[in-house]
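The structure appears right after this line, and notes come after that.
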Amino acid sequence: KSSKTSRISRNINGSIPKLTDPTSNGGGLAHCEGLVEGNLIFSNSSQFGGGGAFGLSGTIQNNIFHHNESKIGGGIGVCSGLVRNNTFYGNSTIVPGNFRSEGGGIAYCGYGAVIQSNILWNNQADLGSQIYESNEPTYCLIQDWSGDGVGNISSDPRFVNMGGNDFRLAPDSP
């Protein structure tokens, strides 16, 4: 683990690497410490964990993770720190040949992770389509959510044009 901190801010990432390395993690980002803020992380793939990102610590905020895929954690797999004000949409762990998929949006974000004020919508997985084996979210909008957590709702977020990947919220959004 590096003692250096990093800042990854205001980038657009959409690389779609090939799924050839069975040990690969983090299709878009991997093992980052520090601030990950204001990024568009989309259309990435990872053979194992974290289609969008894997192994993040620090503050992960104001990012859009969409249409990433991996076996575990389509959006983010394994994280700690603050995960706040992000949108996770259309991420998937439904990968051909995968016997079990976990956490379409977020998976295994524990170890001190705070999951707060995020939108998790239209993600897919066999286990935990939106969130799997992670700390209790608070003040999040989570599709079909029936779990615990203060202030969580499951109403349609009413994106401006989700089909066109415009994830701004409409004026009548909850």
Some residue of the stretch 96-103 being open to solvent by 20 Å² or more (accessible area, probe 1.4 Å), more than 19 Å from Ile41 (Cβ to Cβ) and touching a residue at least 24 places away in the same chain (Cβ under 8 Å):
yes
For the stretch 152-164, give me the residue count where each residue is within 21 Å of Ile131 (Cα to Cα) and open to solvent by 60 Å² or more (accessible area, probe 1.4 Å).
4
Considering only residues that are part of a strand (DSSP E or B) and either modelled with pLDDT under 90 or not small (Gly, Ala, Ser) (or both), which ones fall in the stretch 98-127?
Glu102, Ile106, Tyr108, Cys109, Val114, Ile115, Gln116, Ile119, Leu120, Trp121, Gln124, Leu127
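The values are calculated or read from the model by the stated rules, or taken from the named source; none is laboratory data. Note that this is a predicted model, so its numbers are computed, not measured. FYI the Cβ positions are ideal-geometry reconstructions off the backbone, even for glycines, and counts take in every protein chain you see. SASA here: full protein model, heavy atoms, side chains in, ligands and nucleic acids out. Shrake-Rupley method; radii C 1.70, N 1.55, O 1.52, S 1.80 Å.
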